[in-house]
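To start, the structure under review is shown below, and the notes come after it.
The values are calculated or read from the model by the stated rules, or taken from the named source; none is laboratory data. Note that the structure is a prediction, hence the values are computed from the model and not measured. Heads up, the Cβs are rebuilt from the backbone with ideal geometry, glycines too, and the neighbour counts pull from every protein chain shown.
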There are 2 protein chains.
Amino acid sequence: MGEGVELATIKDVARLAGVAISTASAAINRSAPVSEDVIAKVEAAVREIGYVPHGGARSLRMGQSRLIGLILPDITNPHFAKVAKVVESACLEAGYMDAVYSTSEDYDRERQILEMMRMQRVAGLIIIPTRSDAEHGARLGEQIHVPTVLLDSFVTGLPYDVVKLDNVTAGRLATEHLIGLGHRRIAVTTGRPNIVTGEDRMRGYFAAHAAHDIPVEQRLLIEGRFDQAIAHESTLRLLSQPDPPTAIFALSNMMALGVLNAVQEVGLKVPADISVVGIDDFDFANIMSPPPTVVAAPVEQMAQRAIDKLLAEIRSKAAPSGDVELFEPRLIVRASSSRPVR
Amino acid sequence: MGEGVELATIKDVARLAGVAISTASAAINRSAPVSEDVIAKVEAAVREIGYVPHGGARSLRMGQSRLIGLILPDITNPHFAKVAKVVESACLEAGYMDAVYSTSEDYDRERQILEMMRMQRVAGLIIIPTRSDAEHGARLGEQIHVPTVLLDSFVTGLPYDVVKLDNVTAGRLATEHLIGLGHRRIAVTTGRPNIVTGEDRMRGYFAAHAAHDIPVEQRLLIEGRFDQAIAHESTLRLLSQPDPPTAIFALSNMMALGVLNAVQEVGLKVPADISVVGIDDFDFANIMSPPPTVVAAPVEQMAQRAIDKLLAEIRSKAAPSGDVELFEPRLIVRASSSRPVR
DNA sequence: TTGCATACTCGAAACGTTTCGTATAGTGCA
DNA sequence: TGCACTATACGAAACGTTTCGAGTATGCAA
């Protein structure tokens, strides 16, 4: 319980068990043939003195640590928190630890995080990128020297495996649902430039319009940046102008919250006055007012797939295949969308 | 960008700068007097080959790593996600990394996490405990050998500093608010046994009743365990019985969600039919139906205080003072509470 | 009895740092 | 000029592992 107590080393284990250090190591790791009774003695010694291997020494000798880095935009976004939880469980199960970091879309911070990951000699990385362009990819690639999987988005020029939602379909599903209800003026809160997740969802939005011969009005494409506050603000601005939309499609969960807030603030009723559809479900959807119609993504499954791929790549020491694995979104119709009044 | 590329070592830096390894180390860490031009040469070399120190080697030599462990019940609970974010920022600023782990109240898992923390020779620990009793404290204490701060709760028999909410006051505030509105039959979703956070909030609940000479009915103390699903279920059960309460006090944010769900499921209107008050605010409170009355805790400030204390303790190498620092809760009245109809 | 494979076990080196005692060059003073 | 001192640079040891070549019994076949 005291501070700074020196922990037992494998040397202590070896001495207590009456064997050589190398034998103790072999017994503990089952990395070489060791007789049954030596194993027993070593294990007894380990328990008796509470030996825990020194991760640093191990990583020094072996060239990599049993640490996996998870870099995401913001841990307080429930979507990413779920990812963190899944990754953590999988890591623990596989005998790894994970270090989770939020970039907050700050590139300096991202650099700093990557540097610490390198300092810890992490065995692998899962990255949910905040930009998809080649320039950023090049910067990223320079700093990464370990197996990596990209989650939720991809980055041009990076050879890593990708696990993500079929975002075009997600955008199309949401938009077609609204069109199907009779909406013709559908606003959308856009993502951030240079991030393909938003661009793909927009592609779906455009495709749905095209398929139904509905022209897209430029003024209805409002700024969102995947940010609740920004979506909130641009929604307010949009609604204060003449000829407002009959529906708003929020490209992400946080933006949906911003939109719903704004709509309610100006006194409009959802869905009576205006319909709202988001991407990504909420755990607390049924106590929202109103429960929102969303296009849901199988977050946990995607995260599980990402960590599985990463662990496999680490273990096989194989080069990444560069595969892009797409997961299918699913439309969940609730009370925030209905036929337009006008 | 390739896999398994050998990273540059301080030896490479030294060679390139034309100095001894020890000099390079001193220059990089400013740990001994080094002439200006040597520093310049070393720094140039560091940049040129992109040298990043080997954390493992460092921790081996120095006896501890620049890693801080954060152990909490569940990262997908927004309350804890906020803690994680604050701790992460503070760590990064101080040149540390942090490793976040969710115990899910699983003691085996907790043990496993603690063991990994030990393996990594973390410099310090912030723990949000899932039990407060002495037995658990003893188990915990045995496994902890580094500076530690307890957040949100405390554990009997552990000498560490504690940062937490004034939970008795929180419980009292919520209850008195309801009593002040005229409620006399106030149900409460209890916490878990052996966890003092819940017990303290209950103490506040009892104190408020006593202060107003209102008897507490045993049947209104329903099981909650800080769990959304359990609170949901016991609320359903409670509401199916005769003479239901006119208000429900949920001892935590997750339980409030469970209660609200249940109440809505049986077709009751909040607050017309029944009032609901929770502890801990929601970011999306104003799009909930109805916006809930809550007793809010200054989560971020508390987390900041905890990590500040921990870093100070690590740096000073002082023994923990064992101080308990209390933060004051604040009642936020919204639409989920009103005068009772009966 | 000898030789040889088998099954373990051992000792030493190496991983990349930091630290500490020692060496060297430069400086001021007598 | 010589001496003591300061400022800086160096070399080697140590931290706790894993790995690998070498060593030692044991059992079995010849």
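Give me the pairs, please: first residue somewhere in region B:46-75 and on the phi > 0 side of the Ramachandran plot and touching a residue at least 12 places away in the same chain (Cβ under 8 Å), second residue anywhere and aliphatic (A, V, I, L, M) and surrounded by fewer than 22 Cβ atoms within 10 Å (Cβ to Cβ), beta-carbon distance under 7 Å, and either six or more positions apart or on two chains.
B:GLY50/B:ALA8
Kindly indicate the residue of region A:94-147 that is charged (D, E, K, R) and at positive phi and also modelled with the highest pLDDT among those meeting that condition. Before the answer, list the steps.
Of region A:94-147, the ones charged (D, E, K, R) are A:98, A:105-106, A:108-111, A:115, A:118, A:121, A:131, A:133, A:135, A:139, A:142.
Those left that are additionally at positive phi: A:105, A:121.
On the way: A:GLU105: 87, A:ARG121: 95.
Among residues in region A:94-147 that are charged (D, E, K, R) and at positive phi, the one modelled with the highest pLDDT is A:ARG121.
Here are the criteria: (1) buried (at least 19 other Cβ atoms within 10 Å of the Cβ); (2) farther than 19 Å from A:GLN120 by Cβ. Tell me which single one B:ALA90 does not satisfy.
With (1) buried (at least 19 other Cβ atoms within 10 Å of the Cβ); (2) farther than 19 Å from A:GLN120 by Cβ applied to B:ALA90, the lone miss is (2).
So A:ALA94 ticks every box in (1) over 19 Å from A:ASN253 (Cβ atoms); (2) at the interface with another protein chain (Cβ under 10 Å from one of its Cβ atoms) but one. Which box is left unticked?
In the conditions (1) over 19 Å from A:ASN253 (Cβ atoms); (2) at the interface with another protein chain (Cβ under 10 Å from one of its Cβ atoms), A:ALA94 misses (2) alone.
Taking only region B:174-196 into account, find how many residues are part of a helix (DSSP H, G or I) and surrounded by fewer than 24 Cβ atoms within 10 Å (Cβ to Cβ).
6
Which members of region B:8-19 meet the condition of being loosely packed, with under 13 Cβ neighbours inside 10 Å and more than 7 Å from DNA strand C (Cβ to nearest atom)?
So the first thing to find is which residues in region B:8-19 are loosely packed, with under 13 Cβ neighbours inside 10 Å, and the list is B:11, B:18.
Across region B:8-19, the qualifying residue is only B:GLY18.
Hey, B:HIS209 hits all of (1) out of contact with any His (no Cβ under 9 Å at 6 or more places or on another chain); (2) under 30 Å from A:SER289 (Cα atoms) but one; which does it fall short on?
Checking B:HIS209 against (1) out of contact with any His (no Cβ under 9 Å at 6 or more places or on another chain); (2) under 30 Å from A:SER289 (Cα atoms), the one that fails is (2).
Does at least one position in region B:294-309 carry a residue that is under 15 Å from B:GLY258 (Cα atoms) and more than 13 Å from chain A (Cβ to nearest Cβ)? Lay out the reasoning, then the answer.
Of all residues in region B:294-309, those under 15 Å from B:GLY258 (Cα atoms) come to B:294.
Still in the running and more than 13 Å from chain A (Cβ to nearest Cβ): B:294.
Scanning region B:294-309, I find at least one residue that is under 15 Å from B:GLY258 (Cα atoms) and more than 13 Å from chain A (Cβ to nearest Cβ), so the answer is yes.
What is the number of the single condition among (1) over 24 Å from the mean Cα position of the chain (by Cα); (2) more than 10 Å from every other protein chain (Cβ to nearest Cβ); (3) buried (at least 20 other Cβ atoms within 10 Å of the Cβ) that A:PRO290 does not meet?
(2)
One line per residue, one yes/no per condition, for (1) over 20 Å from B:PRO73 (Cβ atoms); (2) within 14 Å of chain A (Cβ to nearest Cβ):
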| site | (1), (2) |
| --- | --- |
| B:LEU125 | no, yes |
| B:SER132 | no, no |
| B:LEU140 | no, yes |
| B:PRO159 | yes, yes |
| B:THR169 | yes, no |
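Inside region A:1-90, counting only helices (runs of 4 or more DSSP H) that do not spill past its ends, which hold 1 or more residues that are more than 14 Å from chain B (Cβ to nearest Cβ) and more than 9 Å from DNA strand D (Cβ to nearest atom)? Step through it out loud before you land on a result.
Details: elements: A:10-17, A:21-29, A:36-49, A:55-62.
Filter on region A:1-90 gives A:10-17, A:21-29, A:36-49.
Only one of (1) touching a strand residue (DSSP E or B) at 6+ places or on another chain (Cβ under 8 Å); (2) within 12 Å of DNA strand C (Cβ to nearest atom) fails for A:LEU72. Which number is that?
It fails just one condition, (2).
What helices (runs of 4 or more DSSP H) lie completely within region A:227-334 and have 3 or more residues being among the β-branched types (Val, Ile, Thr)?
Working: elements: A:228-239, A:253-265, A:299-316.
So the answer is A:299-316.
Out of the residues in region A:97-117 that are outside any helix (DSSP H, G or I) and at the interface with chain B (Cβ under 9 Å from one of its Cβ atoms), which is surrounded by the fewest Cβ atoms within 10 Å (Cβ to Cβ)? Reasoning before the result, please.
Within region A:97-117, the subset outside any helix (DSSP H, G or I) is A:97-106.
Among the residues that remain, those that are also at the interface with chain B (Cβ under 9 Å from one of its Cβ atoms) are: A:97-102, A:104.
Values: A:MET97: 25, A:ASP98: 23, A:ALA99: 24, A:VAL100: 26, A:TYR101: 24, A:SER102: 26, A:SER104: 14.
Among those residues, the one meeting the criterion is A:SER104.
How about region B:146-169: which of its residues are assigned to a loop (DSSP other than H, G, I, E, B) and within 14 Å of B:LEU310 (Cα to Cα)? Don't jump to the end; show me each part of the working.
Step one: list which residues in region B:146-169 are assigned to a loop (DSSP other than H, G, I, E, B), which gives B:146-147, B:152-160, B:166.
Result: B:VAL146, B:PRO147, B:PRO159, B:TYR160.
Could you tell me which residue of region A:1-59 is nearest to B:PRO320 (Cα to Cα), considering only residues that are among the hydroxyl-bearing types (Ser, Thr, Tyr) and out of contact with any Leu (no Cβ under 9 Å at 6 or more places or on another chain)?
As a first pass, look at region A:1-59 and keep what is among the hydroxyl-bearing types (Ser, Thr, Tyr): A:9, A:22-23, A:25, A:31, A:35, A:51, A:59.
Then drop every residue that is not out of contact with any Leu (no Cβ under 9 Å at 6 or more places or on another chain), which leaves A:9, A:22-23, A:25, A:31, A:35.
Values: A:THR9: 26, A:SER22: 39, A:THR23: 40, A:SER25: 36, A:SER31: 41, A:SER35: 46 Å.
Going through the qualifying residues, I end up with A:THR9.
Mind listing whichever residues of region B:25-69 are within 7 Å of DNA strand C (Cβ to nearest atom) and either more than 29 Å from B:ALA99 (Cα to Cα) or of a type in the set (Asp, Glu) (or both)?
B:ALA32
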